[in-house]
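The values are calculated or read from the model by the stated rules, or taken from the named source; none is laboratory data. This structure is a prediction, so every number in the text was calculated from the model and none was measured. Please note: Cβ atoms are built from the backbone with ideal geometry, for glycine as well, and neighbour counts cover all protein chains shown. Note: areas computed on protein heavy atoms with side chains; ligands, DNA, RNA excluded. Shrake-Rupley method; radii C 1.70, N 1.55, O 1.52, S 1.80 Å.
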Amino acid sequence: MASRLWASRAASHLRISVFNRGFASVVKDLKYADSHEWVKVEGNSAVVGITDHAQDHLGDVVYVELPEVGVAVTQGSSFGAVESVKATSDINSPVSGKVVEVNEELSNSPGLVNASPYENGWIIKVELSNTDELKSLMDSDQYFKFCEEEDANH
């Protein structure tokens with residue numbers, strides 16, 4: 001924290017613009033929920049995980065509660081949880097449908113959610129029941145602005 005403060009002061013003294021944000025990445029081709037889950041649509045199915053912003057705020061993930069394959073999920077409702085060294089948070093489904101696959105790797109390596117939230121740290125795959133729900137999700141630019149505003153208010 002002290003080095004960030006020093007860097008900001010040095011940049012200010014040198015009149016260099018510094019963009020400081022609380023999250024590392026937002027991926028362009030994904031959709032985002034305001035509860036910080038992401039969706040990658042692949043035909044009539046979707047891959048779901050938590051965002052880089054979410055994992056950054058949670059800290060080191062130590063356990064991921066996964067649903068059973070075949071379970072129905074509903075947009076906005078909890079289907080599992082992520083436990084970190086700081087807190088336990090529900091994972092809400094950004095889409096409705098049936099769980100067709102869970103990321104079993106997370107049982108042995110929950111830290112994949114931190115290390116690779118958009119690739120190896122995905123949580124579930126869902127067969128979509130209502131593709132119209134995707135319209136209510138944010139695109140990457142909207143999510144980026146949402147996170148900036150949320151961080152500014154905390």
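A few points about this structure:
- Residue among N153, N130, N114 that is closer than 18 Å to V39 by Cβ and open to solvent by 10 Å² or more (accessible area, probe 1.4 Å): N130
- Yes/no for E119 being open to solvent by 30 Å² or more (accessible area, probe 1.4 Å) and under 18 Å from L30 (Cα atoms): yes
- Test for D141: is it over 18 Å from V27 (Cβ atoms) and either in contact with a Ser or Thr (Cβ under 7 Å, 6 or more places away or on another chain) or assigned to a helix (DSSP H, G or I) (or both): no
- Per the conditions (1) of a type in the set (A, V, I, L, M); (2) closer than 17 Å to D34 by Cα; (3) crowded, with 19+ Cβ neighbours inside 10 Å, the sole criterion not satisfied by V64 is (2).
- Matching strands (runs of 3 or more DSSP E) fully within the stretch 31-135 where at least 1 residues are out of contact with any strand residue (DSSP E or B) (no Cβ under 6 Å at 6 or more places or on another chain) and either among the charged types (D, E, K, R) or modelled with pLDDT of 95 or more (or both): 37-42
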